[in-house]
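To start, the structure under review is shown below, and the notes come after it.
What follows draws every value from the coordinates through simple rules; no lab data is involved. Every value quoted in this text rests on a predicted model; they were computed, and no experiment measured them. Ideal geometry is used to build each Cβ from the backbone, glycine not excepted, and the neighbour counts take in all protein chains shown.
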């Protein structure tokens, strides 16, 4: 009797779980952010869409949209991966962070680099199999950079100092925050004195280097950062505040001070959330706020009893966000209009937003709507020549 035997089914070995990835973001002030990324392989049939760097860019896009000043608040970014990154995705990540001037602040730590193992016949880098699916050995090497007790204390103290804790006293903020700010200020002063002693006894060349480093730190602390100022407007205001033109510096400082004090509700791209809500509340849409010839605008509104002007919103066209020759003059013009509005309201508090618009833009007729319907107006800022 002839028996036919089927070949034994070959079982493939179980795959090792793909390595995890973790993005760690170090802000200039505040707590460190850790972003866990899904376990995916850099290569094979999964494609680039699931690579950790692509996931990180998607997360960063959402954060930048939700918090316009978020990219300006970052000091450095550390990306931990269990295997080397895809060369193509790494280039894309560098280009993406470059638009926020963060490419040089990105650091990457992985099990190895593509250059260590060469390239295969298909042109793709050859990677050794990851021996450990997790990054415990990397994370347990020690405390991560800038996460020591001194850095945490300094960040909390600086945040308290920015809120005016030492100036206004413990009756304004909680006593623990006040005590922390005071202790941090004293520790900073002691460190400054020790450093000054070292500088006084150092060679002239070394002394100049340290002075330059301290000037750089001071410049970084004075950067424009605010959650109600779009990141592109932050760069523009920074240019105005460091301009050799004294009038430009005044305009930039007035806008930053207005947002921080609440006199200005914010500076946004016209299609962002706050301008869109302002338009929808008044029965319109964000794309109707700017005329074709306008680069920016002031959104004015008043609330009962209609003699008080609500903090205005400054909006600008998305297409000029990276064009300094148009964005900077538009913001300067917005600062000048805000000064004029303050003088007009001081002389006649009963002026409505539409009446203010008619005065600020000659040739615009006074509204003929029913009483109460002219309590909001858009003052356009025409494109500069």
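Some notes on this structure:
- Area projected by the alpha carbon convex hull of segment 220-352, averaged over all directions, nm²: 8.6
- Separation in nanometres of the label points that stand 7 Å from Cα toward Cβ, at residue 59 and residue 191: 2.8
- Once the Cα-Cα distance is subtracted from the 0.36 nm per residue extended length, the residue 227 to residue 94 segment shows a gain of 45.4 nm.
- Extension gain from residue 263 to residue 361, taking 0.36 nm per residue of separation minus the Cα-Cα distance: 33.1 nm
- Counting DSSP beta bridges with both ends in segment 231-382, the antiparallel % (nearest 5): 75
- Relative contact order of segment 231-382, pairs being alpha-carbon contacts under 8 Å that are 6 or more residues apart, as %: 25
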